[in-house]
1. Under DSSP H, which helices of chain A have Cα atoms covering 30 Å or more of the helix axis and a Kyte-Doolittle average no less than 0.0?
2. Note the direction-averaged projected area, equal to a quarter of the hull surface, for the Cα convex hull of segment A:214-301, in nm².
3. Please report, in cubic angstrom per residue, the volume enclosed by the convex hull of the alpha-carbon atoms of segment A:98-235.
4. Under 5 Å between amide hydrogens, which residues at least 5 positions from residue B:327 or on another chain qualify, with H placed 1.01 Å from N in the peptide plane?
5. By the 4.7 Å beta carbon criterion, which cysteine residues of the protein assembly as shown come out unpaired?
6. I want to check the label-to-label distance for residue B:686 and residue B:196. Put each point 7 Å from Cα in the C-beta direction and report it in nm to one decimal.
7. Which ³J(HN,Hα) values, rounded to whole Hz and listed in residue order, are derived for segment B:269-274 from phi using the Karplus coefficients 6.51, -1.76 and 1.60 in 6.51 cos²θ - 1.76 cosθ + 1.60 with θ = phi - 60°, glycine and proline given as x?
8. Provide the FRET efficiency to the nearest 0.05 for the residue A:156-residue B:527 pair, computing r from the beta carbons and using R0 = 51 Å.
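Quick note: the coordinates plus some simple rules give every number you see, no bench work behind them. Since we're looking at a predicted model, the values are computed, not measured. Heads up, the Cβs are rebuilt from the backbone with ideal geometry, glycines too, and the neighbour counts pull from every protein chain shown.
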Amino acid sequence: MHWLPALLLPLLVLAKDPQLELAELAEKGNGVIKLTPNTFELLTSSNRNWSAAIQLTALDKRRRCEPCKNFDPSWNEVAQAWHKVPKAERDNHFFATLDFDDGQATFQKLGLSSAPAVYIYSATDGPHAPASGRFGPHKYDFSSGFEAGPLAEQLSRHTPIPIPYSEPFNWGKLLTSIAGVVSFLSLLRWVGPFLQNKWVWAAGTIFTSLVMTSGYMFTQIRGVPFTGPNGSWVAAGYQNMYGQEVQVISLIYGTLALSFLMLTAVVPYQTSPGRQRVQVYLWTFVIMLVYSVLIALFKVKNRGYPFRLFL
Amino acid sequence: MATAYTLPDISPTAVKNTASLVRIVALALISGAAIASRLFAVINFESIIHEFDPWFNYRATKVLASQGFYEFWNWFDPTAWYPLGRVVGGTVYPGLMATSGVIYNVLHKLNLPVDIRNICVLLAPGFSALTAWATYMFTKEMKDASAGLLAAAFIGITPGYISRSVAGSYDNEAIAIFLLMFTFFLWIKAVKLGSALYGSLAALFYFYMVAAWGGYAFITNMIPVHALTLMLMGRYSSRLYVAYCSWYAIGTLSSMQVPFVGFQPVRTSEHMGALGVFGLLQIVAFAQLARAHMSSKQFKDLLFYSVIGIGLIGAGGFVGLTYMGWIAPWTGRFYSLWDTGYAKKYIPIIASVSEHQPTAWPSFFMDLQLLIFLFPAGVILCFRELRDEHVFVIIYALVGSYFAGVMVRLMLTLTPCVCVSAAVAFSSLLDTYLDPAKPEVPVVEETAPATASKPAATATATGTSAIDDVVNAAKKSGKRGIFDLDTRLIIVFNAFCMLSFFVLHCTWVTSNAYSSPSVVLASQNQDGSQHIIDDFREAYYWLRQNTPETSVVMSWWDYGYQIAGMADRPTLVDNNTWNNTHIATVGKAMASTEEVAYPILRKHDVEYVLVIFGGLIGYSGDDINKFLWMVRISQGVWPDEIQEPNYFTPQGEYRVDDRASATMKNSLMYKMSYYRFAELFGGSKQAMDRVRNQRLPTVSPTLDYLDEAFTSENWIVRIYQVKKEDPLGRDLKSANAFTDGKKRKRSKPVSRRRAIM
């Protein structure tokens, strides 16, 4: 007869106070209610004395939603932080997640075409209803990124009491840095002479300045992709670039600088006139060729540029 | 010794004298070229102050020139940041204004009645000639005078520096780069000679720099890093001690005399590096001294540990003081250079400025052209010699290229270093191939291949120790030079062509990209002739001529200085973005509906609202394109009332046409920009916004609380007058509806006016 309780459960649920039921669901999901279309309706029913924050996402692999996967951990962290609040307050606000594959109809109803999104529903009744009379849904603004810190901060404006979220201490980072320092100190005997060689430092300096002057920081700060969507590696426009351009440009600059160095510092030490002449012509040719390539590339970026070399 | 070409027979003294004459002539010509290439702006347009910040500097200079230095020092400007006002004397770097003021007074003493505007316009080109000279002096310390001349020529015409110093660009950077280079030159000289005189001179120019530009923090940190690196390299010397201590002591004390800087040198983290190195130098100097007088090993051990102990206590002290709040931690603009996401999160105003964006590679190439790839070669050559001053250039190269990558405007600080380093590389090349000495062909040919084939095969792009080996091996054999004349000729010819190309490039970039005053715009007519668009001045002069002197004008902060400078009217906010809330208030008024904005406008006594609209002629720097920043900044203060997503379509697009969101369409900014815009196209479906390439709705927005007062010729500037409250006490919306003949629906009769008893 074990199917009987299962059959009775919906009846029991219907009879229950919806807030209690939601609290139970939240308890089960460790702070986050995993929504279905039905529970979504229940949670956002027009007559509610609780508030809710709902993550609308698409975590299934087939959906290929990278941002959803990036955001989900932050969401769960904040929800768990809220779960630590005393029960009296905790049940006045719920965290919930609705996956696209569980509630396509709801997504359509909300007119959502992109995920993730966070909707915040304020309470409509009871002591926590906002005085402004605007019950939502408010849409969470992702302009401050997917991190948990700003999320908790902004959601706290809608919860009865602020979410007691504090950034978890990054033990991993501390341990790695300690391990790094220790291993450096223990290897100092072998690394030391290497560090005292000025050409090691020269290599580091040149590498850094080449990469920096090729727009590496631009790609880091803007988070641009390595290549374009259709496989092109040169971004259109003067103020724009892809990750691969950094490599190409620093290689070009490096080659040109090397050619000049060769002509200045190595070729004069040739002892055979014939070989010297070959090298001079070789490096001059390299300079002309690579410089032409560079100008041609620049013309692609800046179409108004009037000059060109041999290409 | 055999020579590759015969030299004319001239006495060494004659050669020496001619060389120094040629140097002077060359420097004079370089100065001429530097000044001339910056005059494109005056020739293409006129002698006018450019852009935004220069307008404030110009206005302040006018006060200084007409009322004297003390008046300027105590100047309280009640028209800025209405109703707050601004204490100008204490919130400004006065170096620029003081410089022009001195020039103005000297010229007038000499009975040369030059207009203060022309001094301001031509200050930057004039100082660029001095920068070229300072760079010459600096590079001379690195290599020799010929490299110095090349460096001077490079910095004279490179667009990376011209971009900030064309005629009319009357900004702090105009004089700051000269001060930067000259302070560095004096510092190098002080370290080289161990001279307290040069150290004090460096401090003096450092003081001038502090008074002139907020970027002085670059010097404040570069010099200590140089000193620290020298110490870490085991190059501590009494020369370094004398140079650093004289610079730091005098420089810091004098920099604290600038009111805007005040006690920052002892209270903020940006300056703590310099103080820390100062302390470290004292410890090291003491240890050196004590060691010379001690004999036993125990004492030396004791000394060693006590020195380390003192160092640790000192470092702990810094941490403790920061923790206690005595030293301000890293914040603001400087911190955002390290933590690149910081500004966007916490100071959106800083992040919103276009010159604070990261630099893509085309900008580097545009600004520096061939210098950018000669630069690494020059750095390598610095490593080859690695004297104390070369260490400085190397650190500068490293730090400068990072900073220039993070922020477009810091390209300016990288440029001098690139010029110096590229000049060293280029002049080394020319030295090698012009040197008439011809090495002897070795008799034994067999030993050559071992060294000769090596460089091509093993030396990598970055030049590792393989180069070192080859160089050393060759040095030992003592044979160095170029054998044949044709190789010399091709290199020299190639170098000449590259330099000529550089000149062409610089001229093109300067005349096309960097010489626009942005107050006056230029476009090309069909026949290629120039058409001047002068809407800004037209509108500002309209304000000046047609409004009472006290009427407050509200606009987005970008135009605050221009309104103050050209229209001479009080403004709510301006480019000195010190009060975020006030800016957010303006942003809120622009982003809200008329009903919400009207009380804000009235509370701030705003009489005119000015918007920039480029939709008609395709001027892309207009307010609708800046609108999202207004929304973001006001959202930071009123997150409940202004929300950025509301200004997008449900699909997340930023649109102004039929599909624009309701919040967008009802915002004051949208209404003011597109008011009567469709009528201009006859009310048909033709109303086209040429910036955003979108068709506008056929019905233009209506305005109830504002009246269109003025629209400039090309509609770039639109000025609206704020209506006074309705005399009958109705709200303006229903009053307008009444005049339009629309009857208001009443649910219940309003109370009649009570009869007078």
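1. Helices meeting the span and hydropathy rule in chain A are A:171-196, A:273-301.
2. Values: hull surface 26.3 nm².
Projected area, direction-averaged: 6.6 nm².
3. Enclosed volume per residue, from the Cα hull, is 242 Å³.
4. Under 5 Å from the amide H of residue B:327 lie the amide H atoms of B:322, each far enough along the sequence or on another chain.
5. Singleton cysteines: B:120, B:245, B:382, B:417, B:419, B:497, B:506.
6. Computed distance between label sites residue B:686 and residue B:196 equals 8.1 nm.
7. So the Karplus estimates, Gly and Pro as x, are 5, 4, 9, 6, x, 5 Hz.
8. Efficiency, rounded to the nearest 0.05: 0.20.
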